[in-house]
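K.L.:
Here's a structure for you.
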Amino acid sequence: MSIVAGVLAPHPPHLVYAENPPQNEATSEGGWEMLRWGYERLRRDLQQVDYDVIVVHTPHWQTYVGTHFLGLPHFKNKSVDPIFPNLFRYNYEMDVDVELAEAISEQAAADGLVTKMMRNPDFRVDYGTITSCHLVRPQWDKPIVCMSSQRSSAFYNVDVTTAQATALGRATATAIDKLGRKALVLASNSLSHRHFTHEAPVPEDMTNEHVHTYMGQLWDTRLIEMMRAGHTRELVDIMPEYTEQAVSETDAGTLTWMLSALDFPTIPAELYAYGTVIGTGNAVVGWGTSPAQPRLSAGVAP
């Protein structure tokens with residue numbers, strides 16, 4: 001078995017807030033419907049995909065010495081968004097596939113990357129992981145593997161991040177294949193990432209919502225068109241320029257990691273939604289998720 005599908009799964013906490021799940025303490029009157037309805041269509045399609053674990057890479061668990069992995073079988077706590085505590089106070093509980101997490105960590109280390117298992121039972125799982133996993137699988141009935149984003153771009157540049165994320169993606173695919181898992185991989189990642197500096201009086205009032213800059217819109221559109229055309233290797237080639245021009249969250253390597261784990265798919269991606277949240281561009285995109293798409297191959301990235 002191997003990776004059966006991949007999703008670019010953006011993580012604005014506003015999308016969870018707008019759906020009023022019982023785990024979140026804040027209540028909403030809605031908002032950001034295009035993105036939420038896109039996630040709804042994705043969830044419907046994923047009902048036809050057989051997978052037993054969710055593997056997620058997140059920009060909001062930032063580590064500066066190596067890639068870290070959740071290393072305990074169960075986590076339970078409350079996640080409070082530091083910027084939007086009025087919207088996101090989420091009581092989470094999740095199971096972890098520790099065997100797979102250790103296998104990916106060991107494979108990445110064997111390939112020359114620095115890795116570490118995180119075994120602190122009081123560790124608070126980041127809201128990027130929680131939000132993306134909730135929006136893709138709100139039942140929380142599948143174990144997850146969560147890995148941090150090693151912030152090479154803070155010391156070097158996005159080119160170094162791209163190289164390391166590519167290597168981590170290959171290691172991820174190899175470990176999944178060796179253990180025989182059927183994995184859904186998630187890139188918890190927004191696109192253009194310029195935020196509004198002030199929150200609207202009513203956050204869910206969509207008359208206040210729009211893309212922050214025209215430049216961000218243009219670059220997001222270009223990236224999405226490349227995904228829809230199956231030009232993922234070319235997409236990674238322009239990733240450093242895109243990241244700089246769009247002030248993008250791709251500086252964490254999350255999207256590059258997923259595309260590498262999928263062996264740079266050439267099938268046209270399924271665009272479920274594109275929309276803005278506090279000015280940031282967000283796309284819900286799937287590979288191997290739609291019945292109209294061919295399934296991903298069972299091979300491992302070379």
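K.L.:
May I ask you to list pairs of residues, at least six apart or on different chains, whose Cβ atoms are under 7 Å apart, with the first in segment 233-244 being closer than 12 Å to Leu223 by Cβ and the second being among the aromatic types (Phe, Trp, Tyr) and at pLDDT 95 or above?
P.N.:
Tyr242/Trp219
K.L.:
Could you please tell me which pairs satisfy a Cβ distance under 8 Å, a separation of 6+ or placement on different chains, a first residue in segment 114-142 that is touching a residue at least 40 places away in the same chain (Cβ under 8 Å), and a second residue that is β-branched (Val, Ile, Thr) and in a loop (DSSP other than H, G, I, E, B)?
P.N.:
Val114/Val65; Lys116/Val65
K.L.:
So which residues in segment 45-62 are buried (at least 16 other Cβ atoms within 10 Å of the Cβ) and either of a type in the set (S, T, N, Q) or free of Cβ contacts under 8 Å to residues at least 12 places away in the same chain (or both)?
P.N.:
The answer is Thr58, and nothing else.
K.L.:
Among the polar types (S, T, N, Q) and surrounded by fewer than 16 Cβ atoms within 10 Å (Cβ to Cβ) - does that describe any residue in segment 251-272? Don't jump to the end; show me each part of the working.
P.N.:
Keep residues of segment 251-272 that are among the polar types (S, T, N, Q), which gives 254, 256, 260, 266.
Subsequent filtering for residues that are surrounded by fewer than 16 Cβ atoms within 10 Å (Cβ to Cβ) retains 266.
Scanning segment 251-272 turns up at least one residue that is among the polar types (S, T, N, Q) and surrounded by fewer than 16 Cβ atoms within 10 Å (Cβ to Cβ).
K.L.:
Scan (1) at pLDDT 95 or above; (2) of a type outside the set (D, E, K, R); (3) in a helix (DSSP H, G or I); (4) within 20 Å of Thr58 (Cβ to Cβ) for the single condition Leu186 breaks and write down its number.
P.N.:
Single failed check for Leu186: (3).
K.L.:
Select from segment 272-290 the residues that are in a strand (DSSP E or B), hydrophobic (A, V, I, L, M, F, W, C) and either without any contact (Cβ under 8 Å) to a residue 60 or more places away in the chain or over 15 Å from Gly230 (Cα atoms) (or both) and list them in ascending order.
P.N.:
Hits for segment 272-290 are Ala273, Val277, Ala283, Val284.
K.L.:
Of all residues in segment 170-187, which are over 22 Å from Asp50 (Cβ atoms) and either free of Cβ contacts under 8 Å to residues at least 40 places away in the same chain or buried (at least 21 other Cβ atoms within 10 Å of the Cβ) (or both)?
P.N.:
Within segment 170-187, just Ala171 meets the criteria.
K.L.:
Within the set of pairs 6+ apart or on separate chains, which have a first residue in segment 201-213 that is under 16 Å from Phe88 (Cα atoms) and assigned to a loop (DSSP other than H, G, I, E, B), a second that is at pLDDT 95 or above and aromatic (Phe, Trp, Tyr), and C-beta atoms under 8 Å apart?
P.N.:
If the second residue must be at pLDDT 95 or above and aromatic (Phe, Trp, Tyr), the pairs left are Pro203/Tyr17; Glu204/Tyr17; Glu204/Trp32.
K.L.:
Is there a residue in segment 19-29 that is in contact (Cβ under 8 Å) with a residue 40 or more places away in the chain and assigned to a strand (DSSP E or B)?
P.N.:
So far as segment 19-29 goes, yes, one or more of its residues are in contact (Cβ under 8 Å) with a residue 40 or more places away in the chain and assigned to a strand (DSSP E or B).
The values are calculated or read from the model by the stated rules, or taken from the named source; none is laboratory data. Every value quoted in this text rests on a predicted model; they were computed, and no experiment measured them. Using ideal geometry, Cβ is built from the backbone for each residue, glycine included, and neighbour counts are taken over all protein chains shown.
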